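Participant: Below you will find the structure I want to go over with you.
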């Protein structure tokens with residue numbers, strides 16, 4: 001039986017139904033956040049509204065989220081290298097960093113509240129809350145998939161035979177790749193939002 005070439009494997013991935021579904025999801029999210037940020041600029045310019053000041057905790061959360069993306073990259077590398085323990089540990093680190101990001105984001109919102117920066121304080125603060133909450137919701141949405149990967153790895157990788165079966169499953173490779181793409185997209189989106197609000201503070 002002839003094995004697929006790297007180009008054929010790439011084509012199969014690009015046109016796989018799950019990959020198409022992910023592309024549609026990411027495209028929709030991109031347009032959503034682009035529309036929100038453009039609306040923010042339009043309202044600021046037309047109504048001459050002062051920009052919202054971005055809390056420093058948002059910058060810390062950027063580092064935490066990037067850390068979770070880094071550990072997921074290493075988890076994928078461990079998977080490809082058949083590193084059972086490393087794969088499981090790095091998935092666990094990704095989960096904990098994601099939970100830390102969500103906890104610190106809650107702290108950032110609390111900081112805004114304690115400084116009388118509420119959802120309805122101004123139009124610009126309303127956009128900050130809406131945009132960060134929508135992003136937060138998609139991190140929450142991805143967390144069960146991370147946990148499922150970790151739980152499956154702990155449950156099924158118990159001896160050399162089950163480890164071999166797990167690592168040779170093309171469907172798991174595809175799902176891990178899709179999850180990694182989704183997580184990197186959330187990182188890029190968050191960086192875009194932080195930079196966007198940071199630049200608006202200076203204008």
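The values are calculated or read from the model by the stated rules, or taken from the named source; none is laboratory data. Quantities reported herein were computed from a predicted structural model and do not represent experimental measurements. Heads up, the Cβs are rebuilt from the backbone with ideal geometry, glycines too, and the neighbour counts pull from every protein chain shown.
Participant: Could you say which residue among 81, 47 is in contact (Cβ under 8 Å) with a residue 40 or more places away in the chain, more than 18 Å from the chain's Cα centre (by Cα) and farther than 19 Å from residue 195 by Cα?
Facilitator: 47
Participant: Continuing with the same structure: Cβ contacts < 9 Å: first residue at negative phi and free of Cβ contacts under 8 Å to residues at least 12 places away in the same chain, restricted to the range 100-124; second residue surrounded by 15 or more Cβ atoms within 10 Å (Cβ to Cβ) and not in a helix (DSSP H, G or I), any location; separation 6+ or different chain. Result?
Facilitator: 115/55; 121/52
Residues checked against (1) surrounded by 16 or more Cβ atoms within 10 Å (Cβ to Cβ); (2) more than 18 Å from the chain's Cα centre (by Cα); (3) not in a helix (DSSP H, G or I):
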site: 76; (1), (2), (3): yes, no, no
site: 93; (1), (2), (3): yes, no, no
site: 120; (1), (2), (3): no, yes, yes
site: 131; (1), (2), (3): yes, no, no
site: 140; (1), (2), (3): no, no, no
site: 150; (1), (2), (3): yes, no, no
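Participant: Starting from the range 154-170, keep only residues that are within 17 Å of residue 75 (Cα to Cα), then list their pairs with residues that are modelled with pLDDT under 80 and not in a helix (DSSP H, G or I) whose Cβ atoms are within a distance under 8 Å, requiring at least 6 positions of separation or different chains.
Facilitator: Partner pairs satisfying both residue conditions: 163/157; 166/157.
Participant: Quick test of your reading of the structure: residue 162 fulfils all but one of (1) part of a helix (DSSP H, G or I); (2) modelled with pLDDT under 90; (3) in contact with a helix residue (DSSP H, G or I) (Cβ under 6 Å, 6 or more places away or on another chain); (4) crowded, with 17+ Cβ neighbours inside 10 Å. Name the failing condition by number.
Facilitator: All conditions pass for residue 162, except number (4).
Participant: Here is a follow-up. Hey, any hits in the range 180-202 for a residue that's loosely packed, with under 15 Cβ neighbours inside 10 Å, over 24 Å from the mean Cα position of the chain (by Cα) and in a helix (DSSP H, G or I)?
Facilitator: Within the range 180-202 (the criterion being loosely packed, with under 15 Cβ neighbours inside 10 Å, over 24 Å from the mean Cα position of the chain (by Cα) and in a helix (DSSP H, G or I)), the answer is yes, since at least one residue qualifies.
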